[in-house]
Structure formats: C-alpha cells, structure tokens
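Every number in this text was worked out from the coordinates using simple rules, so none of it is lab data. Values in this document were obtained by computation on a predicted structure and should not be read as measured data. Counting neighbours? That spans all protein chains shown, and the Cβs are built from the backbone with ideal geometry, glycine included.
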Amino acid sequence: MSTGFNRDRDEFARGGRALVVLPDQGDAHRDADARLEETAGLAAAIGLVVADRIALRVRQPKPATLIGSGQVEQLAVQVQQDQADLVVFDASLTPVQQRNLETGLGAKVIDRTGLILEIFGERAATAEGRLQVELAHLDYQAGRLVRSWTHLERQRGGFGFLGGPGETQIEADRRLIRDRMARLRRELEQVSRTRGLHRERRQRAPWPVIALVGYTNAGKSTLFNRLTGAHVMAENLLFATLDPTLRQISLPGIDKAILSDTVGFVSDLPTQLVAAFKATLEEVVSADLLIHVRDIAHPDSEAQRADVEAVLAEIGVSDATPRFEAWNKLDLLDEDARTAMMGEVVRRDDVVAISALTGEGVDTLVTEVAAKLTAGHRRYWITLDAADGAGAAWLHAHGEVLGQHGEGLQTQYEVRLAERDYERFLQRG
C-alpha cells in the first residue's frame, strides 16, 4: 500500500502528513492547546502523521476562507515546509471555504466534521454501523461537490472524504446521493423497528437498563469491561467504540441488570451523525439510569461534560432520567488535584470518583448505582382498556407518562413510576 499523497491522482492513503489548524475564535470554555491535542488525536486515529499544530486567532471569520488572506499565505508556507499532504481544520468549513483553502494552500483540506465522519467510516464494524455512517456521510456530502463514489463499493474502511478521482457529473451524483439516502433510511427504519422489539422484550422483564455515556476516550469501555468481564475494545484512542454492546450484570439487591456501552460523544458532533445514529442512541434514551463517565484529569473536563449533556438533550433524554457522574482516571491525578477533587465529591450525592483502569472506587459506584435503581423510578409499559379513564388518570397523577399508543380497544402507556407506585397500581381495586 502506498503512503502519502499523490497530487496527480488526488488520492490520500494512511500515513500521509497532516497539518492541524485551529481557527481560534476565542472560546472561553475551551483550552486551545487541549483542543489542538484532541484534533491531532482524531487525525492520528485514522493513521495520519501530524506534522505540526497551529492555532490562528480569527477575530472576524472570512466568508471565502474563514481565516485571513495573510494567514492563508502563512499556512501555505508551513504546508511546504512540513511537506504536508493534508490540512485539517478544527472548524466547520463551507464548501466554498474548503475549495478556496485547497487552492490557496496547494493541499487537500478537510474540516472537523469530515474528519469525524472518516473515523466513523473506518471503525463501523457492524452492518448497522456501516449503514449509519454512510447515511451521515451522504448527508454531509449532499451540498458539496462530489469527488468520488468509490466508497459505495468498499466493504470496510473510510468513505472517501480524503480523496477521489475528481469532480464529475455533479447533478447526477447529487441525484444518486438522494436516492441512496432514501434507501439507507428505509433500511435503518427496519433496524430501528427490530431494535425496538428487542428493547420492548427486555423492558417487559424486570431488568433495569444502565447506559454508559460520556465524551470519547473518557474510559467507558474500560469501565464496561471491568463491570462485566467482557473484552470490548478499550484503547487510548478516540472513538474506540462505535457499535453498542450490551451485557448482563448483577448488582447488590438486583438479580439482573443490562449494561450498555455506547459511542463516545465529542464537541461539535456532526448533526448528521446524531441523526444517523438515532437507532443506536435510543438505547440511551430508554435507559433507567445513566452513568456519565468523565475524564476528570482532562483540562477541558467541564466543557466535555457540557458537550455530553447537550447531545443527551438533543437525542431526547429526559431530565428526569436518574444519572450518576463517574469521575474517572483518578490514577492520572497528582496528590493536590486528587485532594481537591475528592473534597468536591464528598459534597455531592451524584458523583463517584473512580479509576476504571485500576478498579479504585468501582465497588462504591456499583453500590451507589444499585441503591439509585432500587429507590428510583423505572419505565413500565402498561396496557389499559381504552375505556379505563380512571387507570389512565392514576398513571398521570402518580408517574410521568412518556408516551401512549392506542390499538383497537386498548391503549399502551409508557410511564415512569417508582417501584412501590407500580406495585400499588397493580393492586388497585
């Protein structure tokens, strides 16, 4: 396999040299160095060699190139000096900006969305995952000049963001994109229905569902493996987990529970991916308890927490869903930072400090989760006769009715109730 970038064929292969650029628009919530480090990690995740990292102050974004003309010239010199094949912009670029930057820099340019989509395209391991990523990619490409359709012929790997044979038959390509997207959506709707049936069967059983959520590389899969004894891929790598994994576990006072490991979130997660992964993320929406795993040693930990909460709200997770924060990676903190953090943990009842790697604090987390589940509310699916207005009123008065579906002379209610209230409902005369 060749490595690097062949300008005659406009093809990119793993091993190419990349220049990572952060157009810094003064985000007070994020550390520029940490942001550059994250984007470099994203680039490395698809086999790029990061030649340099540059932060550029952008006071007024330019419609044509985002950055100023002088900065474009400065970057062009850097591209030559670093012999960079590719320039990765940690920003969202319009098609016009991307094209103009490629012309001005004399190198291939991708933005943050394209980079994340490329990683997902390479990592998706299941048929469902590949469908989701391809749909997200096509949605992203729909408004851009289409470079290649070779990705439709690949069985695995990326989806062609980083190269292609050139721009041809743009309108025909766009029509093909629309047709392909329609087919993918139909296939994913079937996947969603199948997953929904499996979920409904689980929810009919008295087993609570616990979902691990968090920023990418926060340590979710490491914690999942420790709790379940599974061997899910857990590496110091962004987006190591894409496809959801479910395992049965036992908790104090709870014979069985289902633990779900999910895809990691990231700041500025492309909306195309949130939409495409809706079927997968429904496991999070319907969970009885969320464990938000945070990399507490990361300098942007608080900003990452806000990003995760924003995505949870976007996919429809209710504020009423019980949740814990697992402040992970205790083993990376120095003594002063650890002392300060533990002081904060003591003052809160929704946080447990852990090291998923060493196991420190995990027993405490298990105990707290079990106590929350046994004392808290759970989702139930209750079928009533359509004429049973008193029963419906009781559910509305004592619980949170999340949805209802009528079929014939019966109505099925999705309701969140405390276990004691559910027992009271069953015993009502």
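Relative to 2.2 N^0.38 Å, what does the C-alpha radius of gyration of the stretch 205-375 come to as a ratio? Two decimals please.
After normalising by residue count via 2.2 N^0.38 Å, the value is 0.97.
Obtain the radius of gyration and the Kirkwood radius of the stretch 300-429 from its C-alpha atoms and give Rg over Rh.
Details: Rg = 20.1 Å, Rh = 17.8 Å.
A ratio of 1.13.
Give the dimensionless ratio obtained when the Cα radius of gyration of the stretch 4-111 is divided by 2.2 N^0.38 Å.
Here the Cα radius of gyration is 1.00 times the empirical estimate.
Note down the net charge around Leu384, summing +1 for each Lys or Arg and -1 for each Asp or Glu among other residues with Cβ under 14 Å from its Cβ.
-3
So if I place +1 on the C-beta of Lys and Arg and -1 on the C-beta of Asp and Glu, and nothing else carries charge, what would the dipole magnitude of the stretch 243-392 be about its Cα centre? I want it in debye, nearest 20.
Computed charge dipole of the stretch 243-392: roughly 380 debye.
Which residue, chosen from Ala320, Val352, Gln404, occupies the Cα position most advanced towards the positive end of the dipole of the stretch 306-429, where the dipole is computed from +1 (Lys, Arg) and -1 (Asp, Glu) charges on Cβ about the Cα centre?
The residue sitting most towards the positive pole is Gln404.
Given contacts defined as C-alpha pairs under 8 Å and at least six residues apart, what's the relative contact order of the stretch 4-111, whole-number percent?
Relative contact order comes out at 31 percent.
Provide Rg and Dmax in Å for the stretch 377-427, with only Cα atoms included in the calculation.
Considering the stretch 377-427 through its Cα atoms, Rg and Dmax are 10.1, 30 Å.
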